[in-house]
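Taking it in order: structure first as structure tokens, then the write-up.
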């Protein structure tokens with residue numbers, strides 16, 4: 001049992017590390033390509049890899065499920081979450097965007113009572129308040145340094161939390177690989193439809209980098225950029241495989257706290273690839289958010 005837990009922690013840490021590379025890649029290409037194009041190519045590459053994961057774990061027939069409608073709704077919520085998350089990248093330092101996203105456990109615990117009828121005690125609410133104090137430290141509202149794109153990271157965290165609660169409500173009826181497959185399939189179709197709608201509306205530029213990343217028209221990418229964008233698909237599929245196996249072989253309560261290792265990689269990639277030096281408020285706010293999230297997860301398990 002102890003060996004299984006150690007393997008689960010190792011798998012999760014590797015998966016989080018792999019996904020952190022995707023964040024850096026998407027930030028790298030966010031200045032020259034449309035978000036819908038990047039997501040479409042990433043999903044096109046990742047879909048057959050995820051199909052292989054499904055076939056290996058439960059067989060392809062598991063894709064024909066009576067819960068297809070619920071899976072697609074959940075995938076749509078995830079599509080909104082990741083769209084908001086990626087839109088924050090051009091306007092925010094990578095460390096800030098990722099740290100704000102890690103308010104997910106706070107949204108999870110606060111929404112669990114509303115959506116699942118779970119009891120949420122005062123200790124959990126205290127942890128949520130503490131976490132959002134960390135958010136205020138990072139955002140510094142009223143200081144003249146506030147960047148509206150930070151709200152996109154928070155919106156992403158809230159939508160992701162809703163998707164996770166939907167997965168919890170489905171229980172063991174669906175395996176994670178089937179959820180990931182339909183999520184990726186909807187990302188592929190959704191990004192294409194979104195690009196078509198934006199093209200028909202005729203809006204192709206914006207003064208704000210986050211909106212510009214969304215509405216920018218598609219263009220033929222350079223060979224090196226094509227490889228980077230395609231690599232996102234491989235990264236997403238491989239990362240999903242590691243995370244799925246982590247939660248499959250070890251208890252959720254054991255591996256979930258290690259999700260926060262993602263906050264270690266973001267400032268490193270931001271410094272190495274984009275010459276971003278995180279502010280003191282970023283470190284302090286991220287630390288408060290991390291502590292609050294861990295407290296919320298620990299208290300909610302008892």
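Quick look at the numbers
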read-out: Pairs, first over 22 Å from residue 87 (Cβ atoms) in the stretch 131-150, second at pLDDT below 75 and surrounded by fewer than 12 Cβ atoms within 10 Å (Cβ to Cβ), C-beta under 7 Å, six or more apart; value: none
read-out: Selection from the stretch 42-52 of residues that are surrounded by fewer than 23 Cβ atoms within 10 Å (Cβ to Cβ) and touching a helix residue (DSSP H, G or I) at 6+ places or on another chain (Cβ under 7 Å); value: 44, 45, 47, 49, 51
read-out: Residue 62, sole failed condition from (1) within 18 Å of residue 189 (Cβ to Cβ); (2) in contact with a helix residue (DSSP H, G or I) (Cβ under 7 Å, 6 or more places away or on another chain); value: (1)
read-out: Qualifying position, being under 30 Å from residue 61 (Cβ atoms), at pLDDT below 80 and surrounded by 14 or more Cβ atoms within 10 Å (Cβ to Cβ), among 128, 175, 137; value: 175
read-out: Hey, residue 115 modelled with pLDDT under 85 and in a helix (DSSP H, G or I) or not; value: yes
read-out: The lone exception for residue 111 - which of (1) crowded, with 17+ Cβ neighbours inside 10 Å; (2) more than 22 Å from residue 246 (Cα to Cα); (3) touching a residue at least 60 places away in the same chain (Cβ under 8 Å) it fails; value: (3)
read-out: The stretch 206-245, subset touching a helix residue (DSSP H, G or I) at 6+ places or on another chain (Cβ under 6 Å) and closer than 21 Å to residue 148 by Cα, residue surrounded by the most Cβ atoms within 10 Å (Cβ to Cβ); value: 213
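The values are calculated or read from the model by the stated rules, or taken from the named source; none is laboratory data. Note that the structure is predicted; figures quoted are calculated from it, not measured. For neighbour counting, all protein chains shown are included, and Cβ atoms are generated from backbone atoms with ideal geometry for every residue, glycine included.
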